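> What follows is a single structure, and I will ask about it in a moment.
Laboratory data are not the source of any read-out in this text; all were calculated from the coordinates shown. All figures in this text were calculated on a predicted structure; none of them were measured in a lab. A quick note on method: Cβ atoms are made from the backbone with ideal geometry, for glycine too, and the neighbour counts reach across all protein chains shown.
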């Protein structure tokens, strides 16, 4: 009788172990899938753009390398700014980059920062006859920029006249046509677009704003993940990875 009881007990334990192993086999793929992050960015050369249908650019390379080094699965998509912003606010396992940090945005996301440190400048036509030395010198002027620019949001909040459009590139034509008086743009982006379009009559007049551009993640992102990414990003600055990537686009 005791042998029979022992046999049944051993069989029960084997069945329990087998069941647990099968459960883990099904759970592991699900957990890996759940940990895949959707990284969203807008088209903003040379930070993010498409080449042969695939996302590329300075910050695309930096963020891709960051997730690879942190051993976190990811995908990168280029979508309109507003859609990306709203998606990351509402959907788990999503991040948007490169986002200019501001006081208003700070509480809306978890941050991994800085992906890059950028400057914003005022650009004018060759026939612009006013000397720009401070922000006060543009107080009465119509300033062109794009929706989602933290620098433009700051100017608007301070009472400056801003004209915002969905994408930044058409502001060059608006400036040339006299539809805006000056163009407020990221200096790397402006320089890239001016060079690509072989524009000769638009120049940088004043650099007035330095900002941190970050990876902004949904608030449900675990602190452990944010800390891991932040630590890896710091190492990328220390070993020169970020600077090497950025040097390719300057």
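> Just rank 206, 40, fewest to most, by other beta-carbon atoms within 10 angstrom. Write out the running numbers ahead of the final one.
On the way: 206 19, 40 24.
Sorted ascending by nearby Cβ count, the order is 206, 40.
> Relative to the present Cα-Cα distance, how much length would full extension add between residue 77 and residue 147 at 0.36 nm per residue of separation? It would help to have the intermediate numbers written out before the result.
Values: separation 70, 0.36 × 70 = 25.20 nm, distance 1.89 nm.
Here the answer is 23.3 nm.
> Say each of residue 161 and residue 176 gets a label point 7 Å from the Cα, pointing the same way as Cα to Cβ; how far apart are those two points in nm?
Label at residue 161, label at residue 176, 2.4 nm between them.
> For residue 137 and residue 56 in one chain, what is 0.36 nm times their gap in residues minus the Cα-Cα distance, to one decimal in nm?
On the way: separation 81, 0.36 × 81 = 29.16 nm, distance 3.71 nm.
25.4 nm is the gain from fully extending residue 137 to residue 56.
> Which entry is the computed semi-axes √(5λ) of the Cα gyration tensor in Å for this structure: (i) 27, 24, 17; (ii) 42, 21, 15; (iii) 51, 17, 15?
From the options (i) 27, 24, 17; (ii) 42, 21, 15; (iii) 51, 17, 15, the structure gives (iii).
> Label residue 119 and residue 207 with points 7 Å out from Cα along Cα→Cβ: what is the distance between them in nm?
It works out to 0.1 nm between the two label points.
> Normalised by the residues of region 118-211, what does the relative contact order come to in percent, with Cα pairs under 8 Å and at least six apart? Present the calculation step by step, with values, prior to reporting the outcome.
On the way: 153 pairs, mean separation 47.5, N = 94.
50 percent.
> Going by a ≥ b ≥ c, the root eigenvalues of the Cα gyration tensor, does region 147-192 fall in the rounded group (a/c under 1.5), the prolate group (a/b larger than b/c) or the oblate group? Please list the in-between numbers first.
Details: a/c = 1.87, a/b = 1.26, b/c = 1.49.
It is oblate, given that a/c is not under 1.5 and a/b is not larger than b/c.
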